[in-house]
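Working notes, structure below.
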Amino acid sequence: MKAAAITAIAAPATIAPAADVIPAKAGAHAAQIWTWLGDIPDPEIPVISIVDLGIVRDVRVAADGACEVTITPTYSGCPAMQVIADAITEALHAHGVKQVRLHNQISPAWTTDWMSDAGKAALKGYGIAPPAQQVIDISGLRAPAGAAARRGAARAENAAGAPGGAATATATVAAAAAAISRRVRPVLTVACPRCGSRHTEITSQFGSTPCKALYKCLDCREPFDYFKCH
């Protein structure tokens, strides 16, 4: 069987919340394709679909009738991406979609924030503790200070050419960058997916795969994987 071809792209894209994995603007045909893709399991964690995992970023039906699917790897060089690409192509062919074009988008990088609530619940039911923290903090964009920072950043280039403008430009750009930042993570408490106890401890930074850590419950004494947030 011929492997599905994947076109690499690095175009900017909006980081959508997991609840919005099916775009509201998608037409009826595209929405049906999202449903079909939702039946494709992740090859490493088959209890969760590639849609709930947040790997599928966009689905479009081109003017020539081809289905264009954009996927983002959970980490650079993920060996499962070709398997996922082949599974997408096979599934869509089985549903009568004759032409499938796949795009591999690496920017913005995948984050566990893209995982849906249904996907997290599936992980827990499978015995894997889901990510316990949100990674990206966009609260600064909604605050007045964040809005001011964005307006200041837009003027930074002009300010750099004015007397004393270089320092002003540096400050405004830094303020804008601070509006979107990775959260300062508190001490992590991971609940046991089996008994629900929060009396747990980490035993290894790496579990069965690099994206997971190994924990142990101090109440039920069972070991379990934790899907690390990143």
Give me Trp110, Trp34 ranked fewest to most by other Cβ atoms within 10 Å of their Cβ, as a rough exposure proxy.
-> Trp34, Trp110
With r defined as the distance between the Cβ atoms of Arg194 and Ile106 and R0 fixed at 35 Å, what FRET efficiency is calculated, to the nearest 0.05?
-> 0.50
Residue exposure sequence - Arg198, Arg101, Arg221, Arg57 - by fewest surrounding Cβ within 10 Å | Arg221, Arg198, Arg101, Arg57
Under 12 Å Cα to Cα from Lys124, which aspartates and glutamates show up? Leave out anything in the same chain fewer than 8 places away.
-> Asp225
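Set the Förster radius R0 to 45 Å, insert the Cβ-Cβ distance between Ile202 and Ala31 as r into 1/(1 + (r/R0)^6), and round the FRET efficiency to 0.05.
Values: r = 41 Å, r/R0 = 0.91.
Result of the calculation: an efficiency of 0.65.
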What is the distance, in nm, between label points placed 7 Å from the Cα along the Cα-to-Cβ direction at Asp117 and at His93?
-> 3.8
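Coordinate-derived values only; no laboratory data. Keep in mind it's a predicted model, so treat the numbers as computed, not measured. We place every Cβ from the backbone using ideal geometry, glycine too, and count neighbours over all the protein chains shown.
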